[in-house]
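Note sheet for the following structure.
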Amino acid sequence: MALAQAAIEQLQLDILHVVPTGQAWHKQRPLSAAEHRLAMCRLAFAELTRAVVDARETQRSGPTYTIDTLRELQAQYPGAQLYLIMGEDQAKALATWHRAEDLSRAAIICVASRSESMGTAVSVDDFSGLPSSPLQRLQLPPSPLNATEIRDLLARGQSVSTLVLESVARYIDQHHLYQAA
C-alpha cells in the first residue's frame, strides 16, 4: 500500500495497475494460488481510488513476463506514459529479466527506496545491461518488514495483524496461507 500511494502521489498517476504475477519464471519458491493473490490485492487496494487490480498475468498460460504486460498496457492506453514501479530488491535483478533491454523502452523504471536502506540503494550502474533510460526514484516511508519477512512470520505461526490490513490478515488466516508445510 505504501508503494502504491507513493507512486500515485509522486508520479501524479491517473491510474495504477496492480498486477499480481501469473506463473513467475524467476521465482524459486512456489507462489500461493493466483485466486488468493488476486483476492488479497482486491482487499488491500479496495479503498485506493486510483488503483486497479489487474488480473491479466494470472489469466495467461505459461510463464508471465513483464514486457508482455507493458505491451498490452501500451495497446490499451495508446500514447500514455507508462511507469514500471518496483522495489530495490527487484530492481537489482532487473537486468536478468526476460527481454530486459526492452523494458526501459516501454516504460520509465521507477525504483522505490526506503530511507533506512543504507548502502544498498540501486544506482544507475545496476542497469548496465539495459539501454540508457530515465530512472526515477520513489521515496517510501520506513517500514519494519518486507513481504518475504511477513511470509516468514506467518510460516512460524506468528501474527501479522499489525503489519497488513485487517481484511488481508483475516483472509490469510481463513485460507491458511503461508503456513509451514
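When you check Ala80 against the structure, is it surrounded by fewer than 18 Cβ atoms within 10 Å (Cβ to Cβ), part of a loop (DSSP other than H, G, I, E, B) and modelled with pLDDT of 95 or more, yes or no?
Yes; evaluated as a whole, the condition is true for this residue.
For residues that are small (Gly, Ala, Ser) and in a helix (DSSP H, G or I), scanning just the stretch 135-158, find the one that is modelled with the highest pLDDT.
Ala155
Scan (1) part of a helix (DSSP H, G or I); (2) at pLDDT below 95; (3) within 17 Å of the chain's Cα centre (by Cα); (4) not aliphatic (A, V, I, L, M) for the single condition Thr69 breaks and write down its number.
(2)
Being among the small types (Gly, Ala, Ser) and exposed (fewer than 15 other Cβ atoms within 10 Å of the Cβ) is the filter; apply it to the stretch 35-77 and report the residue that is nearest to Gln10 (Cα to Cα).
Out of the qualifying residues, it is Ala46.
Go through (1) over 22 Å from Arg105 (Cα atoms); (2) touching a strand residue (DSSP E or B) at 6+ places or on another chain (Cβ under 9 Å); (3) part of a loop (DSSP other than H, G, I, E, B) and name the single condition Thr21 misses.
So the condition that Thr21 fails would be (1).
Which one of these is over 19 Å from the mean Cα position of the chain (by Cα), part of a helix (DSSP H, G or I) and either at pLDDT 85 or above or surrounded by fewer than 17 Cβ atoms within 10 Å (Cβ to Cβ) (or both): Ser104, Ser132, Ser161, Ser167?
Ser167
I'd like to know if the stretch 112-127 contains one or more residues that are of a type outside the set (S, T, N, Q), modelled with pLDDT of 85 or more and outside any helix (DSSP H, G or I).
yes
For Ser61, all conditions in the list (1) in a loop (DSSP other than H, G, I, E, B); (2) touching a residue at least 40 places away in the same chain (Cβ under 8 Å); (3) among the polar types (S, T, N, Q) hold save one; what is the number of the exception?
Of everything listed in (1) in a loop (DSSP other than H, G, I, E, B); (2) touching a residue at least 40 places away in the same chain (Cβ under 8 Å); (3) among the polar types (S, T, N, Q), Ser61 misses just condition (2).
The values are calculated or read from the model by the stated rules, or taken from the named source; none is laboratory data. Predicted model only: the values in this text are computed from it and were never measured. With ideal geometry, Cβ positions are generated from the backbone for all residues, glycine too; neighbour counts draw on all protein chains shown.
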